[in-house]
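Report on one structure; see the data block that follows.
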Amino acid sequence: MEKIPSEIQLQKETIRIETFSDGVFCIAVTLLSIEIGVELHGDVTDKILTHALLAKWPIYLAYVISFVNVLLAWIGHHSLFKMLNKSDNSIMIANGLLLMLVALVPFPTKTLGEFLLTDGFKTAVIFYTAYFVLISIAFRLLWYAATRNRNLLIHDISESQIKKTTKNENIGLICNTIILAVAFINPWIALALSFAMWIYWIGFA
């Protein structure tokens, strides 16, 4: 006879998913910083080094943008899992898809930083903003997997909490899609809108 997992066992599975996810977010942030560095050869003077450090500002900017985006994604992920009481295969698969995308954030970040001051700037911003549309879709899929069965959620969660989270996930996806569309027209405005999204998520979400 098949043994049915207890409530405590199911909750432990949720904790394991969160712990693994936190590790992936941590690695993604760490890899962002690895891309920052200055390579100089020969005799290096203070003036040359200062110039080289200042010339890296596109890399610094890309790092800050991605760090905040990953931080906000981690906060959103943490908030979502606080509403989960159990997990199932659908949640693990959806969460795995999200983590796969988060782990690769250093790639579009490096692309944005390296091509910020080149003729490829527009393509770099389109690639970067499109990538975060994919992350928004992954978040939406994860929340769908969590809400399709109310038994997976904590018992005292209210309908208003569910609707608010669903609204926030939809807003995030719609806004990131709009930012992607704007990137085709004006990449600088697209980056500015990305900053505006930070204000929304930090102060109003």
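The values are calculated or read from the model by the stated rules, or taken from the named source; none is laboratory data. Please read these numbers as outputs of a predicted model, since none were measured by experiment. For neighbour counting, all protein chains shown are included, and Cβ atoms are generated from backbone atoms with ideal geometry for every residue, glycine included. Please note that ligands, DNA and RNA were not included when accessible areas were found on the heavy atoms of the full protein model with its side chains. Shrake-Rupley method; radii C 1.70, N 1.55, O 1.52, S 1.80 Å.
Once fully extended, how much extra length lies between Thr118 and Ile178, figured as 0.36 nm per residue of separation less the alpha-carbon to alpha-carbon distance?
Extending this stretch completely gives an extra 19.2 nm.
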**Asked** Between segment 56-83 and segment 86-144, what's the alpha-carbon centroid distance in Å?
**Response** 11
**Fill in**
If one compares the long axis through the Cα atoms of helix 121-147 with the longest principal axis of the Cα atoms of the chain, the angle in degrees, nearest 10, works out at 10
**Complete:** Across Ile126, Ile179, Ile162, the residue with the highest GNM fluctuation in the chain (Cα network, 10 Å cutoff) is Ile162
**Amide H partners (placed H, <5 Å) of Asn85, local residues excluded** = Leu153, Ile154
**Estimated FRET transfer efficiency (Tyr60, Gln161; beta-carbon r; R0 41 Å; 0.05)** = 0.60
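May I ask you to compute the full-extension gain from Trp198 to Ser79, defined as 0.36 nm times their residue separation minus their alpha-carbon distance, rounded to one decimal in nm?
Values: separation 119, 0.36 × 119 = 42.84 nm, distance 1.65 nm.
Result for the pair: 41.2 nm of gain on full extension.
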**Request:** Mind grabbing the accessible area of Met197 for me, 1.4 Å probe, Å², rounded to tens?
**Result:** 20
**Request:** Name the residue, out of Leu71, Leu54, Leu98, whose mean-square fluctuation peaks in a Gaussian network model built on the chain with Cα pairs under 10 Å.
**Result:** Leu54
**Request:** Project the alpha carbons of segment 79-185 onto their principal axes and report the range along each, largest first, in whole Å.
**Result:** 54, 24, 17
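Using the Kirkwood radius over Cα pairs, work out the Stokes-Einstein diffusion coefficient for the chain at 20 °C and 1.002 mPa s, in µm²/s as a whole number. Write down the numbers at each step before the final one.
Numbers: Rh = 18.7 Å.
Answer from the Stokes-Einstein relation: 114 µm²/s.
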**Asked** If you take the Cα atoms of segment 98-151, find Rg, then find the Kirkwood Rh from the mean of 1/r over all pairs, what is Rg/Rh?
**Response** 1.19
**Request:** Give the ranking of Val125, Val182 by solvent-accessible surface, highest area first, calculated with a 1.4 Å probe.
**Result:** Val182, Val125
**Nearest 10 degrees, 0 to 90: helix 106-115 Cα axis against the chain principal axis** = 30
**Prompt:** Against the longest principal axis of the chain, how steep is helix 57-82, in degrees 0 to 90 to the nearest 10, with axes from Cα atoms?
**Reply:** 10
**Prompt:** For the chain, modelled as a Gaussian network with Cα springs under 10 Å, which listed residue fluctuates most, Gly96, Gly76, Gly37?
**Reply:** Gly37
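With a 1.4 Å probe and all protein chains left in place, how much accessible area per residue does the chain have, in Å²?
Values: 12000 Å² over 205 residues.
On a per-residue basis, 59 Å².
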**Complete:** With segment 150-194 reduced to its Cα atoms and the Debye formula applied, log10 I(q)/I(0) at q = 0.14, 0.16, 0.30 1/Å amounts to -0.49, -0.55, -0.98
**Request:** Summarise the accessible area of the chain (1.4 Å probe, protein heavy atoms) by the percent that is carbon and sulfur.
**Result:** 67
**Asked** When only alpha-carbon atoms count, how far does segment 36-88 stretch along each of its three principal axes, as whole angstroms with the largest first?
**Response** 60, 17, 13
